[in-house]
Amino acid sequence: MKSTHPSHFFPELSDDRLKIIASNLLDLRFSTISELSTKYDDNYVRETAVFGRSRNMLIELSKSGKYDWLELSNPAMDITFKIGSVPCRFFRDDPNSPGKSGFFKRNAVDDLFAIDDQQPVMWRFIVEKALAEEDEDRVYFFGYNVYQEKISEWVYLASAPTLHSVDRDVPESALLDPAKVDIRDDENVQDKDEKTGTNS
């Protein structure tokens, strides 16, 4: 099934808004993991702290009034916030195979409805932990239909210069002029090297 950019379904799910949520989640994750680096801090301690801090950050950000498009719908442990009219939740999970027990469960305010299976009815931010030290964490934003099939996808990496959606559309190829290649004149290069005292 083709995956489409979130703004195709809801214009309020624009790159700049999604980036604000995603970058805050990644920044907070990075600072929390950095702080919890003693011998008493295992993955459970770190991931629990990241979840709690992320939840509290989203609550504060939603209530701050800084963004008129961001609203808190449910401050409970299954926190739900709205980007415009769209309810969203966040998880730290495997984006390709979500395994959290509540991932597809919808609460009373996570209530989009559609009878068309080409329309998303739930939206999830997913923070993916880097698998190796040379990799980096990333944030996905997925829209799922009534059958829990992913039909909309967006991804954010902190180091990426631009945001991009992920879909199956391949850009058209561009024709490039052939590279200009000259024949090297070894005698001229040798004469020049002898004058400058360098070796080619």
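Some points to look at:
Listed here are the residues, each with its yes/no results for (1) under 17 Å from TRP123 (Cβ atoms); (2) free of Cβ contacts under 8 Å to residues at least 60 places away in the same chain.
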position	(1), (2)
THR4	yes, no
SER7	yes, yes
ALA49	no, yes
ILE79	yes, yes
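- Looking across the range 17-27 at every residue that is under 21 Å from TYR144 (Cα atoms) and of a type outside the set (A, V, I, L, M, F, W, C), the one that is surrounded by the most Cβ atoms within 10 Å (Cβ to Cβ) is identified as ARG17.
- Within the range 66-83, the set of residues being in a loop (DSSP other than H, G, I, E, B) and either among the hydrophobic types (A, V, I, L, M, F, W, C) or open to solvent by less than 30 Å² (accessible area, probe 1.4 Å) (or both) comprises TRP69, ALA76, MET77, ILE79.
- Of the numbered criteria (1) open to solvent by 40 Å² or more (accessible area, probe 1.4 Å); (2) farther than 21 Å from LEU131 by Cα; (3) in contact with a helix residue (DSSP H, G or I) (Cβ under 7 Å, 6 or more places away or on another chain), the one MET57 fails is (1).
- Any hit, the range 90-102, residues being in a helix (DSSP H, G or I) and either at pLDDT 95 or above or not small (Gly, Ala, Ser) (or both): no
- In this structure, PHE125 does not satisfy being at pLDDT 60 or above, of a type in the set (A, V, I, L, M, F, W, C) and part of a loop (DSSP other than H, G, I, E, B).
- A residue that is open to solvent by less than 20 Å² (accessible area, probe 1.4 Å) and acidic (Asp, Glu) occurs somewhere in the range 90-101.
- Of everything listed in (1) touching a residue at least 40 places away in the same chain (Cβ under 8 Å); (2) open to solvent by less than 60 Å² (accessible area, probe 1.4 Å); (3) assigned to a helix (DSSP H, G or I); (4) among the hydrophobic types (A, V, I, L, M, F, W, C), the single unmet condition for PHE30 is (2).
- One residue from PHE103, PHE125 being at negative phi and touching a residue at least 60 places away in the same chain (Cβ under 8 Å): PHE125
- Flag for ILE183 being open to solvent by 40 Å² or more (accessible area, probe 1.4 Å), closer than 30 Å to PRO11 by Cβ, part of a loop (DSSP other than H, G, I, E, B) and modelled with pLDDT under 85: no
The values are calculated or read from the model by the stated rules, or taken from the named source; none is laboratory data. All values derive from a computational prediction rather than experimental measurement. Backbone-built Cβ (ideal geometry, glycine too); neighbour counts: all protein chains shown. Areas reflect the complete protein model, heavy atoms only, side chains present, ligands, DNA and RNA absent. Shrake-Rupley method; radii C 1.70, N 1.55, O 1.52, S 1.80 Å.
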